[in-house]
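Beneath this line is the structure, given in structure tokens, with notes to follow.
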Amino acid sequence: MRLYIGLIAALALIAPAIAQTTAAALERARYQSCLDLAVEDAGAAFEEALSWRIEGGGWPARHCEGRARIALGDDRRGAALLDEALSALPEIDRAAAPDLAEDAAAGWLEADDAAAAIASAQAGLAEDETRLGLWRLLAMAAARETEWALVEEAATRLVRLDEDNDDAWRARAEARLELGDLDGARSDIETALALDAENIETLLMRGRILEARRLRG
């Protein structure tokens, strides 16, 4: 009898923990499902996210809604929602910050707001400096703002993380061209060409660099 009572007491203590773990697993599954749906059927994902937010879905529901809005063309509102979710992210969930920041930065670029894209990308990189997508978006946004020193910095990080990324070498070549480092630009564009000799953008960039070197004499 004492053993039976002990088992009942133990189960009473364990049951809430099991229920909490199960609920968390279901929330994670719903989160991933909603994000995937935003790619496959943005309208359905948007409706799901709105319902989830009413139910108290918190930042995961806002992430899904933001991604769905961007897919539906509501870029500015979607990106703003993602930034809001990033700002409200609890410490225990900080691992999700780079994902939120990358989606936000991409949304701001779609909305043609490069300054906001830079801010979102930098917020994400403060959490994870190895995130290739964030460095790429930062380089793209900085180029639109003609912040060439920032483009060079972002492209340098990209080539260190992925030395076979010809886009990154070309981006750094352009930044160095604009900054007046023609030798560095020439070296970078030759590396980009070695990786992809038929890329039209790279060939055009090499033409710009060669012309600048000719004019400088």
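None of the figures in this text is laboratory data; all of them are computed from the coordinates on show. Since the model is a prediction, treat every value here as computed from it, not as a measurement. Because the Cβ atoms are built from the backbone with ideal geometry, glycine has one as well, and the counts that use them run over all protein chains shown.
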Subject >> For the stretch 147-217, projected area of the alpha-carbon convex hull averaged over all directions, nm² >> reply: 4.1
Original post:
So what is the relative contact order of the stretch 147-217, in percent, for Cα pairs below 8 Å that sit 6 or more residues apart?
Top reply: 27
Original post:
For a paramagnetic label modelled at 7 Å from the Cα of E27 toward its Cβ, which residues of the stretch 46-79 fall within the zone defined by backbone nitrogen distances under 20 Å?
Top reply: 48-67
Original post:
For D128 and V39 in one chain, what is 0.36 nm times their gap in residues minus the Cα-Cα distance, to one decimal in nm?
Top reply: 29.6 nm
Original post:
How much net charge surrounds A117 when only other residues with a Cβ under 10 Å from its Cβ are counted (Lys, Arg +1; Asp, Glu -1)?
Top reply: -3
Subject >> Cβ-Cβ FRET estimate between E145 and E84, R0 fixed at 30 Å, reported to 0.05 >> reply: 0.85
Subject >> Peptide ranges 47-56, 71-80, 167-176 listed from the most packed, as the mean C-beta count within 10 angstrom indicates >> reply: 167-176, 71-80, 47-56
Original post:
Of G184, T130, M205, whose Cα points farthest to the positive end of the dipole of the chain (charges on the beta-carbon: +1 Lys, Arg; -1 Asp, Glu; origin at the Cα centre)?
Top reply: T130
Subject >> Computed FRET value (nearest 0.05) for D93 with E163, which takes r as the C-beta separation and R₀ as 41 Å >> reply: 0.80
